[in-house]
Structures are given as C-alpha cells and as structure tokens.
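The values are calculated or read from the model by the stated rules, or taken from the named source; none is laboratory data. Keep in mind that what you see is a predicted model, and the values were worked out from it rather than measured. Reconstructed Cβ throughout: ideal geometry from the backbone, glycine too, with neighbour counts over all protein chains shown. Note: accessible area is taken over every heavy atom of the protein model, side chains too, but ligands, DNA and RNA are not part of it. Shrake-Rupley method; radii C 1.70, N 1.55, O 1.52, S 1.80 Å.
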Amino acid sequence: MSIAPETAMESVDAQAAARRDLPPSMVERMTLILDVFQGRDSRHTLEDVARITNLPRSTAHRILDQLVRLDWLAHTSFGYSLGRRSLSLGGGAGDHSELRAAAAPYLHDMLLRTGAVVHLGVLVGHQVHYLDKMGGRFAAIAPSRVGGWAPAHCTGLGKAMLAWIEPEEVDLLLADHMSRRTPKTIAELGELHLELGRIRARHGLALEVGESFDNIACAAAAIRGPRGPVGAVSVVGEVSMPLERVAPLVVDAARRISLDLFGDVVSGPNRNRIVSAH
C-alpha cells in the first residue's frame, strides 16, 4: 500500500510542528515536568504528566526516569511524587510547616518528661527526612540533624511509618535499599513485614534497639492522616534507656498530633482508628 506524496508531506509537517511546540532545551522540559508536582502529597502517573505538560509520552517517560535516578522525583506503582532533592530545598523543611507547628508542643513535652532526644520526621522514598530534633544530654552523640536523612528500614521513625503503608508499596520502596548497618539490622523484606505487623499489633509503637547504630535505642510512632502516615515522632537514647517507660508518651504524642491535624480519620493497612497505648 503506497502513501500519497501529499499525505506523507502533511505527516512530516505535523511532526515538525509538534517538535517546534516542545520547549527547546532539556532543562526547560525538566522544569515543565517538575512544575506538575505542587506539593509533597502531589502524585501523578506518566499519563497525567504527559497530558498536563503536552509532552509526547515517550519524552515524558525518558525525563521522568532521569529525574527519578537523580532523586528529584520518587516512583512507585502508585505514581510519581517529589523526591529527596526536591523536598530538601529551602532549608530542608519542604512543605511541612503545619506538621511542624502541630508537633512542636508535643516534642517539647516529651523532651521535658524524658530528658532524651526527640525527633519529628517524614518518609521520602526509602529514607526518613528529619524535620525537627530537640535534645537533652544525649543530643551531642545522637547521629541525626534537622534536614538530615536516615534509612527507613532500620530506624524507629521509618518502621513506624512503613507499618501503615500497603505491603506492596513497602516492597517497591525498599527492595533495593535494605543494607545491613549493624548485626541487628533487619535486612530482609520478609522479616521486615513481620516486624511491621508487630508494630500494628502494638497500636503503632515501633521499637529499635541497635539496628541503625549499636549504641542507640528508639521508640517511635506514626502521625497518621486520611491517606496514610504523614510523619512520625520518636524518643531516642542509649541502648540502656527503658523503652517501656517512654513508649506510652510517644504513642500518645503521635495520636494527639494526628487528632489535632485530622480528627479521628486515619488510613493505612488494617485501617484501625487511632488508639492510645495506655
């Protein structure tokens, strides 16, 4: 079957016009795609990005892959979202001012009542991003800082949030990132899922003793909203710290922050309503 010369010419002209409509540089195309994501909770599929930017699907897919590799975006089966680099701009706070304001009085109260280090963090891909840190005498040797990062699979904050994410998404987030940091680190997905089940059975309490650093223990709990965990709080001290004494404070603080932000509507696997550890 032959194609009429005039039809072929029209096709070539259409392709040329489409190329002329594309932003001329890769930087402009990447910026066009990043502008689609308007906040930390913004999530889009490849088809969404291609439609919103008016870029060819193949072009959008190629650039999205590059942005994911460079940590500007994160990707799971649920779509694309802002990645570590994007969320760390602007002093590392990202778009978390409401969360930080809601958590601040509870962090301060836990600090006064325990004398240990208290943290507020969020989950970004396979890592925890620290939003706030208040410290007692242990602060100087606690290897964390505001704006810093830590692996989710071996930290109390990370496990507390992972417990309220669908198991399939946990697999996608962590499959290639479960390195062993100490002999106690959970480095297998199957074992991690058992641990996340135990956390849910303890009403969201996550415990970590020597999994990230040999000399550190931690109790943490997630701050949960309608679409899953939005952050977590923790108390951190030496491995000799009696976690059973600080655990109720942590779970209660996370519960109260969640209630202040969202009322009593929460989401996640098993979708239990927020309850106190008492």
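Do you know which residues across segment 141-179 are of a type in the set (A, V, I, L, M, F, W, C), open to solvent by 30 Å² or more (accessible area, probe 1.4 Å) and closer than 18 Å to Arg227 by Cβ?
Initial filter on segment 141-179 (of a type in the set (A, V, I, L, M, F, W, C)): 141-142, 146, 149-150, 152, 154, 157, 160-165, 170, 172-175, 178.
Checking which are open to solvent by 30 Å² or more (accessible area, probe 1.4 Å) leaves us with 141, 146, 149, 172, 175.
Matches in segment 141-179: Leu172 only.
Counting only residues that are more than 15 Å from Asp48 (Cα to Cα) and in contact (Cβ under 8 Å) with a residue 12 or more places away in the chain, which one in segment 58-73 is surrounded by the most Cβ atoms within 10 Å (Cβ to Cβ)?
Top of the filtered list is Leu67.
Tell me, which helices (runs of 4 or more DSSP H) wholly within segment 69-185 include 3 or more residues that are modelled with pLDDT of 90 or more?
Numbers: elements: 84-88, 97-114, 156-162, 167-174.
Answer list for segment 69-185: 97-114, 156-162, 167-174.
Let me spell it out: the conditions are (1) surrounded by fewer than 17 Cβ atoms within 10 Å (Cβ to Cβ); (2) hydroxyl-bearing (Ser, Thr, Tyr); (3) out of contact with any Phe, Trp or Tyr (no Cβ under 8 Å at 6 or more places or on another chain), and Thr182 meets all of them except one. Which number is the exception?
With (1) surrounded by fewer than 17 Cβ atoms within 10 Å (Cβ to Cβ); (2) hydroxyl-bearing (Ser, Thr, Tyr); (3) out of contact with any Phe, Trp or Tyr (no Cβ under 8 Å at 6 or more places or on another chain) applied to Thr182, the lone miss is (3).
Determine, yes or no, whether His203 is within 17 Å of Glu168 (Cα to Cα), of a type outside the set (Asp, Glu), open to solvent by 50 Å² or more (accessible area, probe 1.4 Å) and touching a helix residue (DSSP H, G or I) at 6+ places or on another chain (Cβ under 8 Å). First the steps, then the outcome.
Details: within 17 Å of Glu168 (Cα to Cα): no; of a type outside the set (Asp, Glu): yes; open to solvent by 50 Å² or more (accessible area, probe 1.4 Å): yes; touching a helix residue (DSSP H, G or I) at 6+ places or on another chain (Cβ under 8 Å): yes.
When the stated conditions are applied, His203 does not pass them.
For Glu188, state whether it is within 18 Å of Ala220 (Cα to Cα) and surrounded by fewer than 21 Cβ atoms within 10 Å (Cβ to Cβ). Reasoning before the result, please.
Numbers: within 18 Å of Ala220 (Cα to Cα): no; surrounded by fewer than 21 Cβ atoms within 10 Å (Cβ to Cβ): yes.
It is false that Glu188 is within 18 Å of Ala220 (Cα to Cα) and surrounded by fewer than 21 Cβ atoms within 10 Å (Cβ to Cβ).
Inside segment 187-225, can you point out the residues that are closer than 12 Å to Val251 by Cα and part of a loop (DSSP other than H, G, I, E, B)?
Arg202, His203, Gly204, Leu205 - these are the residues of segment 187-225 that are closer than 12 Å to Val251 by Cα and part of a loop (DSSP other than H, G, I, E, B).
Could you list, in sequence order, all residues of segment 206-218 that are among the β-branched types (Val, Ile, Thr) and either open to solvent by 30 Å² or more (accessible area, probe 1.4 Å) or at pLDDT 95 or above (or both)?
Matches in segment 206-218: Val209 only.
From the list Val265, Val233, pick out the single residue that is assigned to a strand (DSSP E or B) and either touching a helix residue (DSSP H, G or I) at 6+ places or on another chain (Cβ under 7 Å) or modelled with pLDDT under 95 (or both).
Working: Val265 fails: assigned to a strand (DSSP E or B).
Among Val265, Val233, only Val233 is assigned to a strand (DSSP E or B) and either touching a helix residue (DSSP H, G or I) at 6+ places or on another chain (Cβ under 7 Å) or modelled with pLDDT under 95 (or both).
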